[in-house]
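What follows is calculated from the coordinates using simple rules that are stated; it is not laboratory data. Note that the coordinates shown come from a computational prediction; the quantities given were computed from them, not determined experimentally. Methodologically, a virtual Cβ is constructed for each residue, glycine included, from the backbone with ideal geometry; neighbour enumeration extends over all protein chains shown.
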Amino acid sequence: MSEINEGYTKEMTVLSAYFERVQRRLQAEGDAARSFQHGLNRGQIREAFVREFLVQNISDFWRIGTGEIIHSDSSPDERRHQIDVVVHNRKYPRLSLATGIDLFFIETVSSFIEIKSSLTKSAMREAAAVSKEIKRNAHFAPQRLNPTDLVRTPRPYSFVFGYDGPKRMDTVLKWLKDISKEDDYGVEALSETEPDKRFFFDHHFIDGAFLLGRGYVTLDALPFESFVGQAIEMGLSASPKAVWIWNRENELLMLWALINQINACLLWGEADLNSYIGTLGNFIGEL
């Protein structure tokens, strides 16, 4: 399941069979969206399908939304991106801009996803830039309510989901490798880190790209045991510096597992929303 041991395969399970059926449904609904002539409408319909899939398959402690992600220093006139899918902790508030469009406090976000009708290298490059812009402003509060010590350096995860794209996942892998070298995303530092220390590694790059019916590529900074670490334990040939994990199947199963595990790790997270009060808090303190 990684570049160096992509031969990992498992027999069909209840979960894999379930997500295979979900995959066929998403493909059928994505094809149905082609009935709309305007590309924007087609894209919005496909985004809605993915949001519906996630709503039905994550814990009730979390909510799926769409909108903009802000941090305590965000200003009204700064350029922000509308994110297609935002997974956020429902015990904290969000600010409603319009029906179905919200502002999310970055400390409450566990992951965010960009949906692409067609996955291209330029689309991946744009998604990587958005990922970096959002992640570099992710300043989380100390996780005091984390009894199992699951999170050492909490941060949101960023993903890209495509309905169509290259026929082979190794093309997507090559794109990601190329793009990761075009800017300072922290991937090089990740490659120099031992597998058992990559958990929630603080990089700014895309954490995973998922292509419907084709497979996925992720970085080995996942919220569970490293695939490379597993390979080394099994005595397989694997470099500790290998950071790319990819497979030609199970993309929905992997996306579901990732999001739910991230949510589980951050469930006890604390969001320090006092920082958003800013000068108001200082003024009250001086009375």
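For segment 196-272, which trypsin sites (Lys or Arg not before Pro) are in a loop by DSSP, counting at most 16 other Cβ atoms within 10 Å? Mind dumping the intermediate values first?
On the way: sites: Lys197, Arg198, Arg214, Lys241, Arg248; in loops: Arg198, Arg214, Lys241, Arg248.
Answer in residue order: Lys241, Arg248.
Within segment 203-258, list the GluC sites (Glu not before Pro) lying in a DSSP loop whose Cβ has at most 14 other Cβ atoms in a 10 Å radius. Before the final figure, lay out each step's value.
On the way: sites: Glu225, Glu233, Glu249, Glu251; in loops: Glu225, Glu249.
Within segment 203-258, the qualifying GluC sites (Glu not before Pro) (loop, at most 14 other Cβ atoms within 10 Å) are Glu225.
Could you give the length gained on full extension between Glu78 and Asp184, defined as 0.36 nm per residue of separation minus the Cα-Cα distance, in nm?
36.0 nm
Checking the table Lys135/Lys181; Lys132/Lys241; Lys121/Lys174; Lys121/Lys177; Lys174/Lys241; Lys116/Lys241 against a 20 Å threshold on Cα-Cα, which pairs fail? The partial results should precede the final answer.
Working: Lys135/Lys181 17 Å; Lys132/Lys241 22 Å; Lys121/Lys174 9 Å; Lys121/Lys177 11 Å; Lys174/Lys241 17 Å; Lys116/Lys241 30 Å.
Pairs exceeding 20 Å: Lys132/Lys241; Lys116/Lys241.
What distance in nm separates the simple spin-label points at Glu192 and Glu133, each placed 7 Å from Cα in the Cβ direction?
With each label placed 7 Å out from Cα toward Cβ, I get 2.9 nm.
Given R₀ = 35 Å, FRET efficiency for Leu273-Glu225 by Cβ-Cβ distance, to 0.05?
It comes out at approximately 0.60.
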